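What follows is a single structure, written as structure tokens, with notes after it.
The values are calculated or read from the model by the stated rules, or taken from the named source; none is laboratory data. Computed from a predicted structure; not experimentally measured. As a convention, Cβ positions derive from the backbone with ideal geometry for all residues, glycine included, and neighbour counts pool all protein chains shown.
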Amino acid sequence: MVLPVVASCAAVIGFDTDRALRDAGTNGDERDDVMAEGGTPDAEADAGGAPSVDRRWSSWGISGASFPSNYADYGSDVTDAIFDTETGLGWPVAPAPDPVAWSDAPQVCVELRAGGFADWRLPTRIEQLSIVQYGLYPTASARFQTPSDAFWTASPYADDTSSAWAVNFDMGTVQERPKFELHHVRCVRGGRNDTNGPSERFSRGVGTVFDSVTNLMWQADTVSARTFLDARTYCSRLLINNKNGFRVPLMHELQTLVDERRASPALTPLFGTTGGTEIWSMTNMNNDPSTMLVMNFQDGRNELVAQSKTASVLCVQ
């Protein structure tokens, strides 16, 4: 099997350098996933040379300021598509040339032949978020041609069937957009088209909710609105069951909690009072350090808010 050649590594704030410098070949998790499907790494290799990893998003890892990414080339003769060795997803370098309505977006991917492949599809919300890199502008690797605009996802908006989720690479925000609007399309290949992870992933403890997919322990109930600096102080001093080490979560950690099947709130009912409240994250933008991203679990939107404003707090360990 010919391993993909690493062309560049993503540079993001807080990125785990050890992961980024890891060999771009198939790692142990990827081999396990392939074998679980009854195949072998060699048998699952693409014609272009890169392993075709059938991997759930839950195995991507949560290290760093964004989802981990490590882009590699499919081969020296493929210039219009790249492969993410961390997520197992393939991406075209350029988006589709023309914005389209949501109903037309899947057909754009069906007709795409980037890299010589014919199995492109519209990415889900969490898949599209995997290439968001906070701290860059636009919020994506320079390996991509990325307009600072909204991109459709395959994920419908649970609270209104006339809308669907879009990811805006201007600020890395997730927004519900009316399906008739015209937005960009970037297709994806590989993966399992999975959005929420296993239904049994969450378990409620005394004052906490544990996520077995991300191995994060969450405070079970939000606390009243406060400024960002006060939120950081609160989490650093929080004790639950005599355990400390809590902090304000990163935005991509909060995004893993969103249940796309639910609304009001878009969250497992094991959590307490979160619907309709904005939750602070530790993620900001380089071009405006006075603001931070907040998550609204009423439906799963996020947006930038000045640090001097108030929002609720949901600490994580």
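Tally up the residues in the range 109-126 that are in contact (Cβ under 8 Å) with a residue 24 or more places away in the chain, under 22 Å from Phe180 (Cα atoms) and surrounded by fewer than 20 Cβ atoms within 10 Å (Cβ to Cβ), please. Qualifying residue count, the range 109-126: 1.
Residues in the range 143-152 that are in a strand (DSSP E or B) and either among the β-branched types (Val, Ile, Thr) or touching a helix residue (DSSP H, G or I) at 6+ places or on another chain (Cβ under 9 Å) (or both): 2 in all. Against the condition in contact with a Leu (Cβ under 8 Å, 6 or more places away or on another chain), in contact (Cβ under 8 Å) with a residue 24 or more places away in the chain and closer than 15 Å to Pro123 by Cα, how does Gly191 come out, does it pass? So Gly191 fits the description; yes.
Under the condition of being among the charged types (D, E, K, R) and over 15 Å from Ala150 (Cα atoms), which residue from the range 112-138 is farthest from the chain's Cα centre (by Cα)? Even if it seems obvious, please write down each step before you answer.
Our first condition is that a residue be among the charged types (D, E, K, R); within the range 112-138, this holds for 113, 119, 121, 125, 127.
With over 15 Å from Ala150 (Cα atoms) added as a condition, the list becomes 113, 119, 121.
On the way: Arg113: 25, Asp119: 21, Arg121: 17 Å.
Once the filter is applied, the top-ranked residue is Arg113.
Screening the range 276-317 for residues that are at pLDDT below 85 and surrounded by fewer than 18 Cβ atoms within 10 Å (Cβ to Cβ) and picking the one that is nearest to Thr161 (Cα to Cα) gives Gln298.
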